[in-house]
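Coordinate-derived values only; no laboratory data. Please read all numbers here as calculations on a predicted model, not as lab measurements. Neighbour counts are summed over all protein chains in view; Cβ atoms, including those assigned to glycine, are modelled from backbone coordinates with ideal geometry.
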Amino acid sequence: MRIGELSRRTGVSARSLRYYEEQGLLASSRSGAGQRHYSDGAVQRVSLIRQLFDAGMSSRVIATVLPCVDVPGDLDVAEETFTAMMRERDRIDADIAHLIETRDALDVLIRANSRHRAELSTPPEPVTPPP
C-alpha cells in the first residue's frame, strides 16, 4: 500500500510515517517512480510504534525495543528490550518524582500568595485616638 493508504488506515499522518522511516522504525520499498510502498503488516507496526510513543518512549528507545518484535525468539534481544523498557520506566519514575517536587514547591507559593491576597483584601482596622 502507498503512504496515503497507510496514513488513512492508521490515523497517522504521512509526515509521521516518513519520520518513522527516517528513524528506522518502519520500512518501505520504493517503486520505480520513487513512491513508498508498505506491506499489510505495516498497519500493525505503526500501531505498535504509536503505543510505544504513547508510553513516553523516544524514537531512539523505540528503535531498541522493536527488534524484540522482529526477532521474537532471540533471548538476547528479549533481554535487551526488557532492559531498555526498565530504563524508560525508571526515567519516567524520576520525571514523576521531579514533577511532584515541583508541584509541592508551587503549592507553597500558592499558599503564600493566598495569604497575601487575603491580607490585601482585608481593610485595616481604624485606629481610634486615645481619649
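Annotations
- Of all residues assigned to segment 117-131, none qualifies as being surrounded by 10 or more Cβ atoms within 10 Å (Cβ to Cβ), free of Cβ contacts under 8 Å to residues at least 40 places away in the same chain and not basic (Lys, Arg).
- On the stretch given as segment 106-127, residues that are assigned to a helix (DSSP H, G or I) and not charged (D, E, K, R) total 11.
- Flag for GLU22 being acidic (Asp, Glu) and surrounded by 14 or more Cβ atoms within 10 Å (Cβ to Cβ): no
- Taken together, the residues in segment 23-43 that are touching a helix residue (DSSP H, G or I) at 6+ places or on another chain (Cβ under 9 Å) and within 20 Å of VAL65 (Cα to Cα) amount to 8.
Condition check ((1) on the phi > 0 side of the Ramachandran plot; (2) assigned to a helix (DSSP H, G or I)) across all residues:
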| site | (1), (2) |
| --- | --- |
| GLU5 | no, yes |
| ARG9 | no, yes |
| TYR20 | no, yes |
| ALA27 | no, no |
| ARG45 | no, yes |
| LEU48 | no, yes |
| PHE53 | no, yes |
| GLY56 | yes, no |
| ILE62 | no, yes |
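- Of the numbered criteria (1) in contact (Cβ under 8 Å) with a residue 40 or more places away in the chain; (2) over 23 Å from THR81 (Cβ atoms), the one TYR38 fails is (1).
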